[in-house]
Amino acid sequence: MANTKEVRKQIASIKSTQKITSAMEMVAASKMKKTQDTMLEGRPYSLKIKDVISHVALANSEYPHPFYEERTPKKACFIVVSSDKGLCGGLNINLFKQVIAKSAELNEQGIESCFALIGTKAAGFFKSVGGQVIAVAEKLGDKPNPDDLIGLTKVVLDMHKNGDIDQAYLCSNGFVNTMTQQPNVEQLIPLTPEEKEESLPTQWDYIYEPEAKELLDGLLTRYIESLVYQAVIENNACEQAAKMIAMKNATDNAGDLIKELELLYNNVRQAAITQELSEIVGGAAAV
Amino acid sequence: MSTIKINIVSSSEEIYSGEATMVYATGTLGELGIAPGHTPLLTGLAAGPVRVQNGSEEEAFFCSGGFLEVQPDLVTVLSDTAERAESLDESEAIKAKEAAEQELANKDASLDYAKASAQLAEAVARLKTIQKLRKNQ
């Protein structure tokens with residue numbers, strides 16, 4: 001049977017771990033509020049640009065943009081958004097599982113995959129799994145700047161322009177609520193225009209100032225960038241929420257462990273006392 | 001009086017949303033005036049003011065570039081960064097302009113020429129917005 005000193009030591013070490021996890025839980029809770037605010041602030045822009053893009057898709061443009069063009073797919077690119085830090089439960093792994101499943105599905109259709117990775121965790125994971133990585137953006141922090149993502153997006157869009165890739169998927173966690181995060185794999189390119197509304201006249205086009213090509217290139221690039229940015233800040237909110245839950249569970253589990261160990265400690269202590277007593281009684285009887 | 005819906009958003013926040021009788025903006029090809037019922041238009045925005053007129057009231061915003069979409073009943077400004085004109089500070093703008101000019105003059109250093117001239121253009125546009133606003137008051 002274990003001796004009291006050992007059990008005491010174990011309890012002390014679990015208690016200090018519990019202190020750390022509960023502190024991390026509180027940090028995550030306060031950061032979660034901030035990241036959620038950032039996520040909500042970014043929404044109006046992404047909604048408005050989506051509106052504009054859907055109008056553009058309805059217009060009979062003189063210049064059909066390559067992002068709308070359906071090519072026979074040979075290669076697809078996955079933009080995977082993950083967190084920079086761990087200790088957030090199954091958040092990243094659940095997403096990676098979906099990405100791998102989708103990639104395997106495409107592989108069966110004879111479509112190769114390559115990856116553009118955002119976040120240290122994705123970079124580490126896809127390095128160990130193996131797979132063609134075309135771009136990485138790491139350490140964006142809690143308040144990512146849209147500028148930090150432009151490079152990565154440009155690499156993907158350039159590859160699409162050159163015909164190196166025919167499809168692009170955006171993989172990230174969607175924020176449902178604090179308890180639930182939903183891993184999503186969405187098709188980015190080719191863009192799928194939404195259903196045409198009946199009420200709008202079908203024969204019209206914009207006046208473009210300056211050229212349609214230049215403008216649409218810029219606008220659609222900005223649209224893709226805004227989608228990626230929105231995915232990153234949403235993923236951030238998910239990370240903090242998941243971290244808070246994970247740390248809360250860890251703190252609760254540590255509490256349970258401590259309770260069990262305290263019971264064991266008392267048992268051990270009592271057994272030791274009983275043994276000592278019986279030894280004394282035995283000794284007295286012998287005399 | 002007929003009005004047109006106007007939304008101004010930047011990537012980090014919603015700046016303005018409301019009705020207007022007239023909207024003025026600085027397009028890449030020059031100044032635009034948009035009245036309700038305007039034909040669909042898509043244009044780039046240059047750094048400069050966006051003014052929203054509703055009857056006799058007028059509000060001004062500074063926009064450092066982006067896109068403008070016009071539908072007959074709706075104007076959407078997708079700005080890279082936008083600020084309410086009241087929050088613009090003239091001394092700050094002048095400082096930014098001087099700094100940009102200095103960087104441009106200092107060509108031999110390993111500086112990004114395109115970036116510096118973009119900064120200069122933005123600072124000048126900021127100043128213009130402020131001055132225009134002053135005149136109207």
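Per-structure values
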quantity: Average partner coverage of A:208-220, which counts Cβ from other chains inside 10 Å; calculated: 3
quantity: Simple Cβ-charge dipole of region B:4-85, Lys/Arg +1 and Asp/Glu -1, about Cα centre, in debye nearest 20; calculated: 160 debye
quantity: Projected label distance in nm at residue A:186 and residue A:108, using a 7 Å step from Cα toward the beta-carbon; calculated: 2.6 nm
quantity: Cβ crowding within 10 Å averaged over residues, with A:158-164, A:212-218 ranked highest first; calculated: A:212-218, A:158-164
quantity: Percent of Cα-Cα distances greater than 15 Å, calculated over region B:4-85; calculated: 47 percent
quantity: For region A:98-145 versus region A:237-269, the gap between their alpha-carbon centres in whole angstrom; calculated: 33 Å
quantity: Aspartates and glutamates with Cα under 12 Å of residue A:139, excluding same-chain neighbours fewer than 8 positions away; calculated: A:84, A:148
quantity: Net charge dipole size for the protein assembly as shown [Lys, Arg +1 and Asp, Glu -1 on Cβ; Debye, nearest 20]; calculated: 1660 debye
quantity: Region A:19-36 - phi-based ³J(HN,Hα) in whole Hz, Karplus 6.51/-1.76/1.60, Gly and Pro as x; calculated: 4, 5, 5, 6, 5, 5, 4, 5, 4, 4, 4, 6, 5, 4, 4, 5, 5, 5
quantity: Label-point separation in nm, residue A:273 to residue B:106, each point 7 Å along Cα→Cβ; calculated: 7.8 nm
quantity: Kirkwood hydrodynamic radius of region A:1-114, from inverse mean 1/r over distinct Cα pairs, in Å; calculated: 20.0 Å
quantity: nm² value of the averaged projected area, convex hull over the Cα atoms of region A:49-101; calculated: 6.3 nm²
quantity: Among the listed pairs B:95/B:132; A:213/B:97; A:33/A:248; A:48/B:5, those beyond 21 Å (Cα-Cα); calculated: A:213/B:97
quantity: Stokes-Einstein D for chain B, Kirkwood Rh over Cα pairs, 4 °C, 1.567 mPa s (µm²/s); calculated: 83 µm²/s
quantity: Binned Cα-Cα distances of the protein assembly as shown, short to long, each 20 Å bin given as a whole percent; calculated: 21, 43, 23, 8, 4, 1
quantity: Computed log₁₀ I(q)/I(0) - Debye formula, equal Cα scatterers, no solvent, region A:154-287, q 0.14 Å⁻¹; calculated: -0.91
quantity: Per-residue average of Cβ from other chains inside 10 Å of A:225-232; calculated: 1
quantity: MRE, 222 nm, helices only [DSSP H, n ≥ 4, -39500 (n - 2.57), over chain B, to nearest 500]; calculated: -10000 deg cm²/dmol
quantity: Region A:217-233-region A:6-62 distance, computed between alpha-carbon centres (Å); calculated: 19 Å
quantity: Number of partner chain Cβ atoms within 10 Å, mean per residue of B:66-74; calculated: 4
quantity: Sequence-distant lysines (8 or more away, or on other chains) whose Cα lies within less than 23 Å of residue A:75; calculated: A:97, A:102, A:127, A:154, A:161
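Read-outs: derived from the displayed coordinates by stated rules, not from any lab. All figures in this text were calculated on a predicted structure; none of them were measured in a lab. Cβ: placed from backbone, ideal geometry, glycine included. Neighbour counts: every protein chain shown.
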